[in-house]
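Here's the structure we're looking at; comments come further down.
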Amino acid sequence: SGYLEYDQDVLIPQDWTRVGRVDPTEELELTFALKQQNVHLLEEKLKLVSDPDSAQYGKHLSLEEVASLVRPSELTQKVVRHWLHSHGITNCLTVRTQDFLQCKMTAEIAETLLPGSRFHRYVRDGHSIVRSSAPYSVYDDVHQHLDFVGGLHRLPPKGQDLSKKPQQSQAG
Amino acid sequence: VHLGVTPAILRARYNLTASDVGSTQNNSQAVAQFLEQYYHPADLAEFMNMFGGTFQHLSQVDRVVGTQGTGKAGLEASLDVEYIMSTGANIPTWVFTNPGRHETQEPFLQWMVLLSNMSDLPWVHTISYGDDEDSLSTAYMMRINTEFMKAGVRGISLLFASGDSGAGCKHMGKQNSFRPSFPASSPYVTTVGGTSFKNPFKVTYEVTDYISGGGFSNVFGMPDYQASAVKGYLKTVEATLPPPSYFNTSGRAYPDMAALSDNYWVVSNRVPIPWVSGTSASTPVVGGMLSLINGRRLQRSLPTLGFLNPRLYKLKGQALFDVTEGCHESCLDEQVQGKGFCAAPSWDPVTGWGTPNYPELLAALLD
């Protein structure tokens, strides 16, 4: 099985307190980032519409035009949906560009779908989150059709302490 | 003499006159909040009541996307809204917020997904969010970059705060290194650093704010649009650069520009609060000015600015106040002793090209 995010930091910072394992029947929502098409063409287009010396400067695209450029291939959409359906996951929402799927499933199904994942609940300052304490992987036949799965690792940022500037450093 | 930054001080410093306000025709701007913070409409109204007397302005947000909770207002949320609506005055403003999220959602990713699902979006978005590059997977950052490209190609300008830890520091036993942050280090967004007044109680020229995030990406190569500017900097300060082992000169260098980030007045939970500082203040200030310029462009049936950097770097500093004094913080160790990069004439990795001189920036970007 392939680790899509082998270099993602999965450590939970100390200011989050682990409450315990999530109940297997508890519902989670995960975000699947499907592989897009024509990313290099998108980048070329961005250069052309952003360069004031280009004849195409300012000729921006609509959301529909962006969608038709980057929309995942039929094969990608079919493989990913089959993979999800085969695990009983059908409650999914897509977006206009069809390159994200947001699906609800139980923790038990999520841990089967993404081998290696183990969901725990953490709390900080009255906020609670659910994250995996271990890296996840996906089966090889799906690996090439996904960029990453959101909702397992990255934590909400902690606000800067705006009202008190850090002590003036010596060099500063 | 003044006792901290207010809209009037900003408008004086950046040469915004009373007539430099938006007209409400199909222009709009937005701030995005991922800290589970809320802004209170009453705070905004009080803020404008206190500080908005010298310019035409709106006193309420046009639209809140997401669920505004009823908790205490967050300082950062209040700051973002109050200051984008002070420089981008009289322009319809949206707030993207997400406190009602599902426990397994990633707030920033949720916002990115939203952008892919809304065809009608504001033209300028300012965002104060960042994570250390080395804590994020390459796959995630590369995909988020594609999402930034999708927004830029639609004519949307994304402005990110450069961060408040200077060059950052990654402690690795004997040998430390600077620690770039993402999305500030993305080649596909405009990153905003921070400055201070030389005399904190007068409207004077600006020097670096030592917290201003900046440096070189360890993940993304240097984009063509900034190669000569950065090369110029590295040549100018060659003798005084930090040890080369601390940073990667082939990486995307940031920030691209800056604005005041020191000693702001903010109204939060109905209380006027002084001494609020951070690049999450300078970013909405710049965002508001870009919205004004978008408004003037739209009046002439010109397209919006979109991804600004290629055009910004072609100005080569014209229309910006160059910041050439001061440094920012970094690792507290024997080699660098807390000092990261320092400002220099033209572009530098503390304040980018400098701070906006509005009338000149308008003229340069209106043609």
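Numbers below:
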| item | result |
| --- | --- |
| Restricting region B:113-129 to residues that are facing another protein chain (nearest Cβ under 8 Å) and in contact with an Asp or Glu (Cβ under 9 Å, 6 or more places away or on another chain), the residue that is nearest to B:Pro183 (Cα to Cα) | B:Ser128 |
| Failed item, numbered, when B:Glu329 is tested on (1) in contact with a Pro (Cβ under 9 Å, 6 or more places away or on another chain); (2) closer than 18 Å to B:Leu16 by Cβ | (2) |
| Residue list for region A:128-153, filter: among the aliphatic types (A, V, I, L, M) and within 13 Å of chain B (Cβ to nearest Cβ) | A:Ile129, A:Val130, A:Val138, A:Leu146, A:Val149, A:Leu152 |
| Check on A:Thr94, within 21 Å of A:Asn38 (Cβ to Cβ) and modelled with pLDDT of 95 or more | yes |
| Residue count, region B:171-206 (criterion: more than 16 Å from B:Val350 (Cα to Cα) and of a type in the set (Val, Ile, Thr)) | 3 |
| Scan of region A:46-66 for residues that are in a helix (DSSP H, G or I) and either among the β-branched types (Val, Ile, Thr) or more than 8 Å from chain B (Cβ to nearest Cβ) (or both), ordered by number | A:Leu48, A:Val49, A:Glu65, A:Val66 |
| Pick from region B:114-167, criterion under 21 Å from A:Gln98 (Cβ atoms) and acidic (Asp, Glu), ranking: surrounded by the most Cβ atoms within 10 Å (Cβ to Cβ) | B:Glu147 |
| Residue within region B:284-298 that is within 14 Å of B:Tyr233 (Cβ to Cβ), in contact (Cβ under 8 Å) with a residue 60 or more places away in the chain and away from chain A (no Cβ under 13 Å) present | no |
| Pick from region B:76-107, criterion more than 14 Å from chain A (Cβ to nearest Cβ) and aromatic (Phe, Trp, Tyr), ranking: surrounded by the most Cβ atoms within 10 Å (Cβ to Cβ) | B:Phe96 |
| Positions within region A:71-89 being within 16 Å of A:Lys104 (Cα to Cα), part of a loop (DSSP other than H, G, I, E, B) and in contact with a strand residue (DSSP E or B) (Cβ under 7 Å, 6 or more places away or on another chain), in sequence order | A:Ile89 |
| In region A:53-75, residue surrounded by the most Cβ atoms within 10 Å (Cβ to Cβ) [restricted to those that are closer than 14 Å to B:Gly155 by Cβ and over 25 Å from the mean Cα position of the chain (by Cα)] | A:His60 |
| Tally of residues being under 28 Å from A:Glu44 (Cβ atoms) and assigned to a helix (DSSP H, G or I) across region B:130-145 | 9 |
| Residue check for B:Leu260: aliphatic (A, V, I, L, M), on the phi < 0 side of the Ramachandran plot and under 17 Å from the mean Cα position of the chain (by Cα) | yes |
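The rows are residues; the columns are (1) outside any loop (DSSP other than H, G, I, E, B); (2) crowded, with 16+ Cβ neighbours inside 10 Å; (3) in contact (Cβ under 8 Å) with a residue 60 or more places away in the chain; (4) facing chain B (nearest Cβ under 9 Å).
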| site | (1), (2), (3), (4) |
| --- | --- |
| A:Val10 | no, yes, yes, no |
| A:Gly20 | yes, no, yes, no |
| A:Thr25 | no, no, yes, no |
| A:Leu28 | yes, yes, yes, yes |
| A:Thr31 | yes, yes, yes, yes |
| A:Glu44 | yes, no, no, no |
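The values are calculated or read from the model by the stated rules, or taken from the named source; none is laboratory data. Computed from a prediction, not measured in an experiment: that's the story for all the values here. Every residue, glycine as well, gets a Cβ built from its backbone with ideal geometry; the counts of neighbours run over all protein chains shown.
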